[in-house]
Structure formats: structure tokens, C-alpha cells
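So the structure is just underneath, and the comments pick up after that.
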Amino acid sequence: MISRTPVAAAASLGLCALALGGAATAAAAENDDQAMVSVFHAVPGLDVDVYANGDELIPDFKPGTLTDPQPLPAGSYDLKVFKAGADPKGKPAIQKTVEVPAGANATVVAHLNADGAPQLDAFVNDTSDVAAGKARLTVRHVAAAPAVDVRAGGTPIFKDLVNPKEDTATVDAGTVSADVVLAGTDDVAIGPADLNLKEGTANVVYAWGSAKDKNLALKVQTLTGMHSAPSGVNAGATNDPDAWPAYAAGFGLLGLAGALTARRVVSRGSRA
């Protein structure tokens, strides 16, 4: 059984303030003045340095890397993305001011738009409870590619998904054989592959890369602790490398709060 709820992307490219709150209140961090934030680098073939409020936040950030969620003090952050090693006083490749409210759980994504230009978007992660025996599945289209359908067992569950939109459904827990096809066709762009949807999890699948450059790939972000039973504990998020054939890339563990508040970089990496 699948129930669907369309969800709009939380932001668009440009120098604008972005509110990440609203639906994310159920994901409040233990500290009322903090949010949980992850960063995903989805621009193929480009290593970058990420700066926040003038401080280097993530040096030499590799494509395909998704950081673990980390507590971030609520507030306004001027994010700038430069080609790795570039002068941070120069013009950034991407820039956006993000307003991070307390209690939010969000993922900031540097990716390509449908025409192949880099942009920065932020998405609120729905960490509300799901019913017993269920899991949440969200697909985010952040690739330089036309509209797509996402199928499970050959049947479309998300239709006409365009960059940078997302859609979500509550599904039965278990293994789903899924693929991504061009909208309205049977032309497979990515997959098929098995996705293990565990009970009480929220699974976010990112379709990223470039159709023109033939490097379309998938990345999965899995958030746990959405059990409706009293025993459910919100344990945060993990990246499941076995769920989909993700693009080979480094996996960074980033201490975002320390980097921003102490004005230094706190990061370490492991493989996705």
C-alpha cells in the first residue's frame, strides 16, 4: 500500500533568505537553539570548497559526498561554493543566504539545474512518525535531466518529477525493486536496483548528475527513528551504500556547529 503526499522543494537558486522551518518542527533537536543539517555535493566532476559566513566549512568537497547530519546553531548563514583551491575573495560559483531555524532537519544540496548550471537548494526532511510496518520514501530530482518517473516493480509511484522538485510516499516496509525512467516512457535512466526500506525509516533518494554527460547516479540518505510505537527513538540519519548503486565518492563526517561557532573547519571523511 502506498499513500502519496507531494512536497515542494524548499528553495531556489539566488541570493535570498530561505526558511527551512514549518513542517520540520517534529525533528526538533535536543537543544532548542539548534537544527540538524546535512550537505550533499551533487555537481559531477568538480571538487569544491564550501564557505559559511566567510569561514571555510568543507575543503576539497568531492562530488557524491553526503555529510552526516550535524547540529547547527540556528541563525543566518551566507553559503559560498568555490572551485577547490580558488581565491575565496573572488566570485563564488554558487552563493545563497540560508536562514536556519531551531528544530529543523534539512539537507543543503549543491547540484545542477535541468540545463546543467550549478545551483544550491535546501530541502526539509520529514521526520514525522510513520505507521507500524511502514517506511517513508522521498525522491529528489537534482540532476541535469528532463522530467522522470520513478517506478517500483515496473509501476510508476512518482510521475513527472522535475528538477529541483521532490515527492514523497508512505510505503510498506521491505525491499523495493525500483528504477528511474524518462517521464511517460520505459526508457531507463538509472537502475533497476533494490532499495531496502526498513520499518520506521525515512529514505531520501537523490537522482543527480548529468544526462548529457551520461553520469546520472543515485544517492540515498536514510533517517531513522520514525516508529510510531513508543519505543521508537530518533537516532538521526545514515547513508545506505547498499540500497542503490550510488556514484563512488567519499563520505564526509562534518562537525558543522564547531566549524561555524569556533570559526574553524571540523571535518573527517570515510567512504560512502
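The values are calculated or read from the model by the stated rules, or taken from the named source; none is laboratory data. All values derive from a computational prediction rather than experimental measurement. Positions of Cβ are backbone-derived with ideal geometry, glycine not excepted, and every protein chain shown enters the neighbour counts. For accessibility, only protein heavy atoms count, side chains too; no ligands or nucleic acids. Shrake-Rupley method; radii C 1.70, N 1.55, O 1.52, S 1.80 Å.
Quick notes on this structure:
- Solvent-accessible area of region 134-194 (1.4 angstrom probe, protein heavy atoms only): carbon and sulfur portion equals 50 percent.
- Under 17 Å from Lys83, Cα to Cα: aspartates and glutamates that are on another chain or at least 8 residues apart: Asp47, Asp49, Asp55, Glu56, Asp60
- Take region 127-233 with all the other protein chains still there, run a 1.4 Å probe, and you get 39 Å² of accessible area per residue.
- A simple spin-label model places the labels of Asn113 and Ala86 1.6 nm from each other, with each point 7 Å out along Cα-to-Cβ.
- Of the whole protein surface, Lys159 contributes about 130 Å² of accessible area at a 1.4 Å probe radius.
- Look at the Cα gyration tensor of region 51-93: its axes a ≥ b ≥ c give a/c of at least 1.5 with a/b at or below b/c, and that counts as oblate.
- Global form of region 106-229, assessed from the alpha-carbon gyration tensor, a/c cut-off 1.5: oblate
- A Cβ-based charge dipole, computed about the Cα centre of region 63-137 with Lys and Arg at +1 and Asp and Glu at -1, lands at about 200 debye.
- Three-way shape label, region 75-170, alpha-carbon gyration tensor, a/c 1.5: oblate
- Pairs spanning more than 23 Å between alpha-carbon atoms, out of Lys165/Lys212; Lys96/Lys165; Lys62/Lys198; Lys62/Lys214: Lys62/Lys198.
- Shown for region 47-130: the carbon plus sulfur share of the solvent-accessible area, taken with all protein chains present and a 1.4 angstrom probe, equals 49%.
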